[in-house]
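Single-structure report; data block below.
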Amino acid sequence: MLEVLMIEDDLELATILSEYLKAHDINVTNYDEPYTGMSAINTRHFDLLLLDLTLPNLDGLEICKKVAKEKHIPIIISSARHDIDDRVLGLEYGADDYIPKPYDPKELIARIHSVLRRYNLAKNQDYTEISILPFRLDKGSREIYLNNELLELTKAEYEILCFMLENVNQALTRDAIATYADSISPDSSNKSIDVIIGRLRSKIEKNGKKYIFSVRGIGYKLQLKDD
């Protein structure tokens, strides 16, 4: 049985979801106080974190950021906050999916299994190091270097740049980018991807050097040589 940690202060919703998921072989442990929920991650094994954003004492985005940085556990944000900035930040901070409330519990189960499939596949991949000057990609440590300097990237930024390095000088659609990047929901809006691309550009394009180019009607490409 899967073990899910839920941090949700709506106790009625937590009870409904817990009972429904248990009937589908998913055991849920809920905490309505965020600090207690975060402490539980250090004392018990959980397969996934289901996280609300609007919580007492601590915003869920801060929890997402801290857990993604310190723990290897997939995260699904479950929130009534529909603002595009919250969705983008959640994915940038390390969430693997974002499901807006209200939703059918059947969809939640499907998303849990989808996230865990992608997460387990990523863990079992053979990691390699790829040098595509001036970049160096180390998949084992999930690090990318530019001119031998480590880039400080969010999970989404790393995955997008990794995808571009594996397909250098090729135009990539936004749909393809969203499908490749585990931390970006496949149904994310174009604006969400554009925002992440913009932040990635600000980190790798210095002193007038340009690497990521927009391709009209398609998406983006990482160009390291003149076509």
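None of the figures in this text is laboratory data; all of them are computed from the coordinates on show. Quick caveat: nothing in here was measured; it's all calculated off a predicted structure. No Cβ is skipped: glycine too gets one built from the backbone with ideal geometry, and neighbour counts run over all protein chains shown.
Using a cut-off of under 19 Å, list every residue of the stretch 15-52 whose amide N is near the label point 7 Å from the Cα of ALA110 along the Cα-to-beta-carbon line.
Counting only backbone N, you get 17, 20-26.
For LYS210 and THR173, calculate 0.36 nm times their separation in residues minus their Cα-Cα distance, and state this gained length in nm to one decimal.
Details: separation 37, 0.36 × 37 = 13.32 nm, distance 1.91 nm.
Answer, rounded to one decimal: 11.4 nm.
Could you compute how fast the chain diffuses translationally, taking Rh as the Kirkwood radius over C-alpha pairs and applying Stokes-Einstein at 37 °C with viscosity 0.692 mPa s? Give it in µm² per second.
Values: Rh = 18.6 Å.
Estimated diffusion coefficient is 177 µm²/s.
Quick check on the chain: helices-only [θ] at 222 nm, where DSSP H runs of length 4 and up contribute -39,500 (n - 2.57) each and the sum goes over total residues. Nearest 500, please. Provide the component values of the computation, followed by the final result.
Values: 8 runs with 97 residues, N = 227.
-13500 deg cm²/dmol, from helical runs alone.
Between the stretch 157-200 and the stretch 52-113, what is the C-alpha centre distance in whole Å?
So the two Cα centres are separated by 19 Å.
Taking the Cα centre of the stretch 180-220 as origin, work out the dipole magnitude from +1 charges on Lys and Arg Cβ and -1 charges on Asp and Glu Cβ, in debye rounded to 20.
Working: 8 positive and 4 negative charges, 74 e Å.
Dipole size: approximately 360 debye.
Taking 2.2 N^0.38 Å as the expected size of a compact globular protein, what ratio does the Cα radius of gyration of the stretch 52-94 give against it, to two decimals? Walk me through the numbers on the way to the answer.
On the way: Rg = 9.8 Å, N = 43, 2.2 N^0.38 = 9.2 Å.
Normalised by 2.2 N^0.38 Å, the Cα Rg of the stretch 52-94 equals 1.07.
Positive end of the dipole of the chain, charges at C-beta (+1 Lys, Arg; -1 Asp, Glu), about the Cα centre: which of ILE73, ILE16, MET38 has its Cα farthest in that direction?
Of the listed residues, the answer is ILE73.
With +1 assigned to the C-beta of every Lys and Arg and -1 to the C-beta of every Asp and Glu, and no other charges, what is the dipole magnitude of the chain about the Cα centre in debye, to the nearest 20?
Details: 29 positive and 38 negative charges, 201 e Å.
Taking the Cα centre of the chain as origin, the dipole is about 960 debye.
For the stretch 152-227, evaluate the Debye formula with one uniform point scatterer on each Cα (no solvent term) and list log10 I(q)/I(0) at q = 0.20, 0.26 Å⁻¹, rounded to two decimals.
Relative scattering, expressed as log10 I(q)/I(0), comes to -0.82, -1.42.
Please give the contour-minus-distance gain from ARG201 to ILE218: 0.36 nm per residue of separation, less the Cα-Cα distance, rounded to one decimal in nm. Walk me through the intermediate numbers first.
On the way: separation 17, 0.36 × 17 = 6.12 nm, distance 1.79 nm.
This chain segment gains 4.3 nm when fully extended.
Over the stretch 88-210, what relative contact order in percent results from Cα pairs under 8 Å that are six or more residues apart? It would help to have the intermediate numbers written out before the result.
On the way: 118 pairs, mean separation 32.7, N = 123.
Relative CO of the stretch 88-210 lands at 27 percent.
So for the pair LYS66, TYR35, with labels modelled 7 Å out along Cα→Cβ, what separation do we get in nm?
With each label point 7 Å from Cα toward Cβ, the separation is 0.9 nm.
Full extension from TYR103 to SER131: what is 0.36 nm times the residue separation minus their Cα-Cα distance, to one decimal in nm?
Details: separation 28, 0.36 × 28 = 10.08 nm, distance 4.36 nm.
Going from the current span to full extension adds 5.7 nm.
Output the direction-averaged projected area (hull surface divided by four) of the convex hull of the alpha-carbon atoms of the stretch 1-65, in nm².
Working: hull surface 16.1 nm².
For the Cα atoms of the stretch 1-65, the hull's average projected area reads 4.0 nm².
Let me check against my output: what whole-number percent is the relative contact order of the chain, with C-alpha pairs under 8 Å and at least 6 apart?
Values: 357 pairs, mean separation 30.8, N = 227.
Normalised by residue count, the contact order of the chain is 14 percent.
What Rg and what Dmax come out for the stretch 81-179 when only alpha-carbon atoms are used, in angstroms?
15.7, 48
Only Lys, Arg, Asp and Glu count, each charged at its Cβ (+1, +1, -1, -1), so figure out the dipole size of the stretch 1-124 about its Cα centre, rounded to 20 debye. Write out the running numbers ahead of the final one.
On the way: 14 positive and 22 negative charges, 128 e Å.
The calculation lands at about 620 debye.
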